[in-house]
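Below is one structure; the comments refer to it alone.
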Amino acid sequence: MGILDGKKAAEHFKEQIAREATEFTRLTGKKPYLVTILVGNNGASETYVASKLRSSEKVGFRADLIRFDDSVTEAVLLEKIGELNRDEEVDGILVQLPLPAHIDEKKVIMHISPAKDVDGFHPESLGKMLIGLPTFLPATPYGIMELLDYYGIETEGKHCVVMGRSNIVGTPVSLLLSRPTRPGNCTVTITHSRTRHLERITRQADILIVAIGKPGFLREDMVKEGAVVVDVGIHRIADESRKSGYRLVGDVNFEEVAPRCSFISPVPGGVGLMTIVGLLKNTLLAAKQRRDR
Ligand code: NAP
């Protein structure tokens with residue numbers, strides 16, 4: 001059984017991005033510039049944002065964080081995004097999700113200029129992806145594709161079962177894996193909460209992408225011997241033995257499933273780190289596209 005080591009793969013891609021960022025700065029006199037907006041102080045979001053900022057600075061980007069209180073109005077948030085859209089210095093805008101219930105996430109995503117949509121959630125980015133035009137890919141699916149590519153996982157003609165159909169993970173990764181690209185050319189089945197006889201389908205998978213948001217959901221008897229398993233889930237589970245008081249687990253019961261796999265991604269140390277790679281690649285692309293306008 002091999003590990004799809006997100007840390008190792010991410011280091012490789014970050015070195016590549018850092019080299020390109022240095023070249024960009026040499027040519028333009030400015031660093032690629034990412035602005036992140038964080039509303040409230042959700043513990044998990046704080047961790048993700050801190051990690052995105054650290055990684056951005058490490059590869060030579062300029063990275064700023066704008067914080068709003070939980071009580072911020074939708075109008076104020078939209079006004080700030082409008083300001084960042086007009087700011088010539090800013091290359092990429094990221095609004096950390098989830099947002100408080102009184103703010104319409106779709107409206108916020110739609111308000112980000114497609115030219116600065118480095119999370120790849122804007123309908124224009126998703127539409128371009130759908131018809132195979134170059135664009136910003138949603139960061140997590142992008143990271144998963146890069147992880148499969150880095151480890152040379154053969155995808156052509158394979159049966160890939162994607163568990164989950166969210167707009168940010170399941171649906172876009174299904175599409176990317178079915179495209180005539182490398183990695184790609186999979187025969188894809190998407191499953192969701194209304195799927196019947198789920199384990200009959202998952203047992204047919206050569207490649208399983210698990211993004212359902214339920215800790216330890218994928219068990220040994222749901223996986224074919226020799227399958228490749230990519231665990232997208234991230235959950236904080238209370239753990240008194242840790243200083244933090246919690247540990248991270250995925251949607252896969254790793255201990256049970258790993259021995260059956262040819263490759264498996266761990267949590268932590270898998271897809272999460274590759275999501276940041278997707279974001280960094282999109283930010284660099286945004287900066288280059290704005291330079292070349
Ligand atoms: P989501 O929006 O909650 O979607 C979950 C999907 O799983 C839904 O499509 C749901 O079906 C499906 N589902 C739920 N129960 C199921 C079941 N019993 N059998 C089959 N399908 C089932 O979640 P998400 O945003 O895609 O995130 C999924 C997980 O990935 C979460 O743990 C999240 O924290 C994690 N995540 C990680 C990263 C990263 O960087 N590593 C990034 C994003 C998300 P319905 O559509 O029918 O409800």
One finds the C-alpha centres of segment 18-35 and segment 89-134 to be spaced, in Å, by 22 Å
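Could you give the size of the charge dipole of segment 77-197 about its Cα centre, using +1 on the Cβ of each K and R and -1 on the Cβ of each D and E, expressed in debye and rounded to the nearest 20? Could you put the intermediate results ahead of the total?
Working: 12 positive and 15 negative charges, 158 e Å.
Charge dipole, segment 77-197, about its Cα centre: 760 debye, nearest 20.
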So the angle from the long Cα axis of helix 6-28 to the longest Cα principal axis of the chain, reported in degrees to the nearest 10, equals 20 degrees
For Lys224, the aspartates and glutamates lying under 12 Å Cα to Cα, once residues fewer than eight places off in the same chain are dropped, come out as Glu199, Asp206
The chain accessible area per residue, 1.4 Å probe, protein heavy atoms, integer Å², reads 48 Å²
Distance in nm between His192 and Glu11 label points, each 7 Å along Cα→Cβ, equals 4.0 nm
Tilt, helix 271-291 to longest principal axis of the chain (alpha-carbon atoms), in degrees rounded to tens, equals 40 degrees
Using a 1.4 Å probe on heavy atoms of the protein chains only, the accessible area for Arg86 in Å², nearest 10, reads 150 Å²
Unpartnered Cys in the chain, judged by a 4.7 Å Cβ-Cβ cut-off, are Cys261
Note on segment 1-144: alpha-carbon gyration tensor, axes a ≥ b ≥ c; rule is a/c under 1.5 for rounded, else prolate if a/b larger than b/c, else oblate; result rounded
note: the chain, Cα-Cα separations exceeding 25 Å make up a percent value of 48 percent
Measure of exposure for Leu279: accessible area at 1.4 Å probe, Å² rounded to 10, is 0 Å²
Charge dipole of segment 126-226 built from unit charges on the beta carbon (Lys, Arg +1; Asp, Glu -1), centred at mean Cα; most positive-end Cα among Ser193, Ala205, Met145 is Ser193
Once the in-chain neighbours fewer than 8 apart are removed, the aspartates and glutamates whose Cα is under 18 Å from Lys243 read Glu46
Net charge near Arg182 (other residues with Cβ under 13 Å of its Cβ; Lys, Arg +1; Asp, Glu -1) is -2
Rounded to the nearest 5, the percent of antiparallel DSSP beta bridges in the chain equals 10 percent
Of Arg165, Arg54, Arg293, Arg260, ordered by accessible area with the largest first and a 1.4 Å probe, the sequence is Arg293, Arg54, Arg165, Arg260
A 1.4 Å probe over the protein heavy atoms gives the chain a carbon and sulfur accessible-area percentage of 52 percent
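What 222 nm value per residue comes from the helices of the chain, counting each DSSP H run with n ≥ 4 as -39,500 (n - 2.57) and dividing by all residues, nearest 500 deg cm²/dmol? Could you put the intermediate results ahead of the total?
Numbers: 10 runs with 118 residues, N = 293.
Computed mean residue ellipticity for the chain: -12500 deg cm²/dmol.
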Sorted by accessible surface (1.4 Å probe, heavy atoms of the protein chains only), largest first, Val267, Val90 come out as Val267, Val90
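The values are calculated or read from the model by the stated rules, or taken from the named source; none is laboratory data. What you see is a predicted model, and the numbers here were worked out from it, not measured in a lab. Every residue, glycine as well, gets a Cβ built from its backbone with ideal geometry; the counts of neighbours run over all protein chains shown. What goes into the accessible areas is simple: the full protein's heavy atoms, side chains included, and nothing from ligands, DNA or RNA. Shrake-Rupley method; radii C 1.70, N 1.55, O 1.52, S 1.80 Å.
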